[in-house]
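Comments concern the structure below.
Where a number appears in this text, it was derived from the coordinates with a stated rule and is not lab data. Keep in mind the model is a prediction, meaning the values are calculated, not measured. Glycine also receives a Cβ, built like all others from the backbone with ideal geometry; neighbour counts cover every protein chain displayed.
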Amino acid sequence: MMKRLEFRKTILVTFCVILFVLALGSIVYAVEENWDEIIAKAKEEGKVVTYNTSGRMAEAGDAFEKKYGIKVESLKIRDSEITERIIREKQAGINEVDLIMSEDIIGVNKQMIPAGYVSSYLPSTHQDIILEGYRDPLVFLLQGRTLGYNSEEYAETPIESLWELTTKEWEGRFFLSDPETTPTAIAFWVEIVMRPDEMAAEYERFFGKPIELTTPNAGWEFIKRLAENKPVTLKSCGETAEAVGARGQKNSPIGLYATGKHRPELLETLNLALKPCIDVKPVIGYMYPAYILQVANAPHPNAAKLFTQFLLEEAGARAWTTDPACFSTNPNVSSFPVTPVDGLNPIGGIREWAKVTWPLNSENTVRYSRDVIDFWVRYRK
Amino acid sequence: MKFQQREVEFLFLERNWNRVRRIIANPPLTLSIVLLILLIYLVIAPLFSMVESALTLSDRDSIYVVGEQVGDFTNYYLKRTFVGNMSDILFYKPLRNTLMVNFTMSILALFIGSILAWLVVRTDLLFKRIIANLAIIPYVLPSWTLALAWITVFKNRRLGGVSGILEYLGINLPDWISFGPVAIIIVMALHYYAFSFLLIGSALRSLDPTLEEAALVLGANRRVTIRRIIFALITPAIFSAWLLTISRGIGTFAAPCLLGTPVNYHLLSTKLYSNLLTGSPGVSYIIAVVMIALSSLFIFLNQRIIGKRKSYVTVTGKAFQPKLVALKKWRYLVTSLVIIFLILVVFLPIFVLGIETVMKVKGNYSFSNFTLHSWLGKSDPNIAYGDPGILRNPYVLGALWNSIKLGVSVAFFCGISGLLIGYTVVRLRGSKLSTILDQISFIPYLIPSIAFGAIYLSLFAQPRGFIPSLYGTFTLLILVTTVKNLPFATRAGISGMMQLGHEIEEAGIIAGASWFTRMRRLIFPLQSNNITSGMQLPFITAMRELSLLVILITPKTRLLTTVTFKYTDYNNYSMANAVLLLNIFVILAIMYLLRKFTGSDLAKGLGGQ
């Protein structure tokens, strides 16, 4: 009887040990992915299909095809539309897209990931390399969206404080892409509302007296006054950059747009006189994340993994990182230009940029976007 | 006893069976039932789905509504739109703007259209044919063409960037000219006056001059004749034109978006769009329902007001040569004014867009800045992200092919369904079924395009019954565009069938021809001219449709309009305009060919005579 029980125990223990070993093995297996196998399978799959917010994906895709012989079919659409389409397609059981690049913080964190339509995947080769805070969900790129001015009219940054944009002098002269249709634009307003002390301190520094509030805090107060100062909202960052930088203007505006628009070739083909504002307090803008996510039930999952890994490397990120203030979340990838050069990247590398911009907080964005956009729309003149 | 009961049952069954047989034997009735089921599925179901979405909590909003789950029934959107502290901005102010803009715009359009129509039909104006042909071109152009041209000419400093041509010449323009309601009203009126021109023109043409003469003989002076005879007779046409203009205007998106949004001037259509994109979809569906209700209200009023007079329209139809009013010494002046007007609204916009396609750098009008890159250039990584000129660009040429395919298929299906619906409506005239068919087929006209596209996406993205998922297929594009254009097609079909006596078909019946033979050998050939006229408008709208389709397009099913949209998104206006011009050219060429070889007339496509 006793022996029998013992025997049972032994079996149970053995069983548990085997299970444990198996489980451990699978964890180890998950961490140590077999990249030879992934590459082989990816080549068998032959292609990757992506939805992306940036047209540069085509460039990165060409580089990927050159290296692995795997084709990338990329479609550039608005980020809100990516969310919409992925949801529709997954609900309809259509599996055509493998990978998305999106900037839609709410769509990613509130809609697609919770529903299981997309998932974050960090290649085992980059587990500890990618900057902390950007690993899950995986952000592969941080891009600056900052204030810029017309360098033909102004020799140097014409303002020194964000609060200056709420003054009479800049009435009707602040341009941005419409927060009502651009999700990241509103995320910056959320960030400002979340930092009332910094905004209040800056007010006192600039105007020399403490702020008188008509709203709950100095962040809200800034949004209200800015909205009342007749801002002009355009369709896109590109349009904003052109409106600010066109030559032959008097009383040219200040714009908030993707810092990448300062790429020298772009300025030349568009004939723009455009420089980023430096030394505006408390910040000159924000860094917005671009997520790379795997679509559920993708037809080419291994090729998608391989392409994700490729985008985290120099050769893949290059399509973007040649832009000023566009950084890979892999700190080993070089950014352009590494050292500050006149007008192009007067601030420096990612660490320097982090000091003059605010990152976007995805939780706050999800939580407060509606309130902030309502508030902005209500006061807008 | 039991046996008897069975016999009664049998008789009852037989009577029912006879009734069924009679229905089957009556093709118009069978056809009308089939059509009704189809229309309920394609028109009424989307409407219900829209209302359902407006009352269902979406995942994006679930965080802001405490205690309710995604997919729950909710009155959150209703409260937000109508009573919340956002209601004024989300709804009431855009509503006021929409009403103001559309009333003014439709009256202006009516004014321009009727004057042009009168000049062309009833006076001895010079170059009538050419003028008549040119006058409808603004309607054929995609609606944002004029808006873009307006910006190029009238843009002032308010929006920064490269200044407009007038500002470039040193003329300072106030904000209210460059952007906002005035600009929107003018641009929309210049687009929609074609409705009034075509409808009032054909009403004037079919006006029996003996009535005027009778009035003159009875001693009425010219003014009284115009007021009591001509106006009275063409009132229905004026009202239909006004109705078409205003209900179409309410759903217009491109011009208000380009000319209003930058300066914070919103209409219902632009609010619908922004809410669909990043706000609450529920709010946009409520706005859409309100827009539909508004348009329906105008139609109801229209029917109330003209009610009995409607019968006047069918009084004539015979060809008369009306006596032309001599413009005398004004003849040359009026002709030149009309021509200047047409140059301003037809040639100038096309020219302005054309210039931008051959400029390397915006705003530099010197010859050294000339380039044909947008049209013929080879791929250059530094220009336009390496896209080659549109005429050697497989992406654009593929889109061109798709657009033509869509236009032709939609025209074909609209022509057929318009004829079939027209046939059943006229043959069953007086019955409830006829009225219902007539009314349902008009509903798509009232649904704003953007909302219609979104609803079709949600309805047909998933497999439903025996219909597989249509997401990303060309079929879906054809389906949605056909249904959206059904109102035009049925109007043309009904007015065509009205003119066709029943005797012809009866002769066929007596000769023993089956229903299919009668349709094939009698109705179709006799109606072919009407069918081609009815096809023109669906063809044109399909070729220039953007807001309806933008959400349904995938790379495989790209169209010229969505390629234009893509290039404007890249801010590459020279390529965008080049594609737009290519699109305009193809539309005009095909219209010209159709006209030349079939003698079809656009006015008939609007239901005019």
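Suppose only helical runs count, i.e. DSSP H with n ≥ 4. What mean residue ellipticity at 222 nm does that imply for chain A under -39500 (n - 2.57) per run, divided by all residues and rounded to the nearest 500 deg cm²/dmol?
So the calculated ellipticity at 222 nm is -13000 deg cm²/dmol.
For segment B:90-378, what's the relative contact order in percent, using C-alpha pairs closer than 8 Å and at least 6 residues apart? Please report the intermediate quantities before stating the final value.
Numbers: 332 pairs, mean separation 83.2, N = 289.
After rounding, I find 29 percent.
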Shielding of A:230-239 by partners, i.e. mean partner chain Cβ atoms within 10 Å per residue? 5
How large is ³J(HN,Hα) for each residue in segment A:263-272, as worked out from phi by the Karplus curve 6.51 cos²θ - 1.76 cosθ + 1.60 (θ = phi - 60°), to whole Hz, x for Gly and Pro? 4, x, 4, 5, 4, 5, 5, 8, 6, 10
So how much slack lies between A:Asn297 and A:Glu268, counting 0.36 nm per residue of separation and subtracting their Cα-Cα distance, in nm? 6.1 nm
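Of B:Trp144, B:Trp17, how do they rank once you tally other Cβ atoms within 10 Å and put the fewest first? All intermediate terms of the calculation are to be shown ahead of the outcome.
On the way: B:Trp144 27, B:Trp17 10.
Going from sparsest to densest Cβ surroundings: B:Trp17, B:Trp144.
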Cβ neighbours within 10 Å, averaged per peptide: list A:208-218, B:110-120 in order, most packed at the top. B:110-120, A:208-218
Based on the mean of other beta carbon atoms within 10 Å per residue, what is the order of B:283-295, A:162-174, most packed first? B:283-295, A:162-174
Exposed loop sites here are trypsin sites (Lys or Arg not before Pro) in DSSP loop states with at most 14 other C-beta atoms within 10 Å. What is the longest stretch of chain B lacking them? B:1-317
Please list, in chain and number order, the residues 5+ apart from A:Val118 or on another chain whose amide H is under 5 Å from its amide H, with Hs placed from the backbone. A:Ile113, A:Ala296
Shielding score for A:263-270, defined as the mean number of other chain Cβ atoms within 10 Å: 2
Of A:Lys224/A:Lys275; A:Lys41/A:Lys90; A:Lys235/A:Lys281; A:Lys168/A:Lys224; A:Lys224/A:Lys281; B:Lys128/B:Lys328, those spanning more than 22 Å from alpha-carbon to alpha-carbon: A:Lys224/A:Lys275; A:Lys41/A:Lys90; A:Lys235/A:Lys281
Among A:Ile100, B:Ile151, B:Ile340, which comes first, second and so on when ranked by fewest other beta-carbon atoms within 10 Å? B:Ile340, B:Ile151, A:Ile100
Across segment B:523-530, in residue order, what do the Karplus-derived ³J(HN,Hα) couplings come to in whole Hz, using 6.51 cos²θ - 1.76 cosθ + 1.60 with θ = phi - 60° and x for Gly and Pro? 5, 4, x, 5, 9, 4, 5, 5
How much of the DSSP beta bridge set in the protein assembly as shown is antiparallel, as a percent to the nearest 5? 55 percent
Cα-projected label distance for B:Phe231 with A:Lys381, points at 7 Å along beta-carbon direction, nm: 4.5 nm
Can you figure out the FRET efficiency of A:Asn332 with A:Thr215, using R₀ = 45 Å and their beta-carbon distance, to the nearest 0.05? 0.55
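For a test of the definition: using alpha carbon positions, the gyration tensor, and the 1.5 limit on a/c, classify the protein assembly as shown as rounded, prolate or oblate. Kindly include the intermediate steps, with their values, before the conclusion.
On the way: a/c = 2.02, a/b = 1.35, b/c = 1.50.
Verdict is oblate for the protein assembly as shown.
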Measuring from its Cα centre, segment A:76-125 shows a charge dipole (+1 at each Lys and Arg Cβ, -1 at each Asp and Glu Cβ) which, in debye to the nearest 20, is 100 debye
Per DSSP helix of 4 or more residues, -39500 (n - 2.57); summed, then divided by the residues of chain B. What does that give at 222 nm, rounded to the nearest 500? -20500 deg cm²/dmol
List, in order, the whole-Hz ³J(HN,Hα) value for each residue of segment A:293-310 obtained from phi through the Karplus relation with A = 6.51, B = -1.76, C = 1.60 and θ = phi - 60°; use x for Gly and Pro. 9, 8, 7, 5, 6, 5, x, 10, x, 6, 4, 5, 4, 4, 5, 4, 4, 5
Quick check: residue separation of B:Tyr92 and B:Tyr332 times 0.36 nm, minus the Cα distance between them. What number comes out in nm? 81.6 nm
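Local charge sum around B:Gln69 (other residues, Cβ-Cβ under 13 Å, Lys/Arg +1, Asp/Glu -1)? Before the final figure, lay out each step's value.
On the way: positive: none; negative: B:Asp59, B:Asp61, B:Glu68, B:Asp72.
With Lys, Arg at +1 and Asp, Glu at -1, the net is -4.
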FRET efficiency, B:Ala45 to B:Ala220 (Cβ-Cβ, R0 35 Å, nearest 0.05): 0.05
Label point at A:Trp35 placed 7 Å out along Cα→Cβ; residues across segment A:288-331 whose backbone nitrogen lies under 14 Å: A:305-316
Using a simple charge model, +1 on the beta-carbon of Lys and Arg, -1 on the beta-carbon of Asp and Glu, nothing else, what dipole does chain A show about its Cα centre, in debye to the nearest 20? 880 debye
Run the dipole for segment B:90-378 about the Cα centre, Lys and Arg Cβ at +1, Asp and Glu Cβ at -1, nothing else charged, and hand back the magnitude in debye, nearest 20. 560 debye
Cross-link table A:Lys261/B:Lys378; A:Lys261/B:Lys271; A:Lys250/B:Lys271; A:Lys66/A:Lys305; A:Lys66/B:Lys556; A:Lys76/A:Lys381, entries beyond 26 Å C-alpha to C-alpha: A:Lys261/B:Lys271; A:Lys250/B:Lys271; A:Lys76/A:Lys381
Once Lys and Arg get +1 and Asp and Glu get -1 on their Cβ, which of A:Thr167, A:Thr83, A:Tyr286 lies farthest toward the positive end of the dipole of chain A? A:Thr83
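Taking 0.36 nm per intervening residue step and subtracting the Cα-Cα distance, what contour gain separates B:Phe10 from B:Leu78 on full extension?
Full-extension gain reported as 19.0 nm.
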